[in-house]
Amino acid sequence: MPHGVCSCCTRARSAQVFARLFGVAVHVYEPLAAAGSFQRIASFQPPHETEQQAHLLYRGGVHYDALHPA
């Protein structure tokens, strides 16, 4: 990893690249203290309009989980 680049920035870049490569809007959330509550922390749009969306849950570390919004 380049000096001065935090790992969270690298993971955000991965989600951004995914959105562009696959033409999907990517929304990243983190859990809140209240059980079952989430806060969106980032959104990445592809270069064109799309209705396809991926909702990802970030819990720290290097892993995302799929999040199925109700």
(message) Skipping prolines and chain starts, which residues have an amide H placed within reach, meaning under 5 Å, of the one on residue 29, given they are 5 or more residues away or on another chain?
(response) 41, 56, 57, 58
(request) Scan around residue 38 for amide H atoms under 5 Å from its own, H built in the peptide plane at 1.01 Å from N, and keep only partners 5 or more places away or cross-chain. (result) 32
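The numbers here are math on the coordinates, done by the rules we state, and not lab data. These numbers come from a predicted model, not from an experiment.
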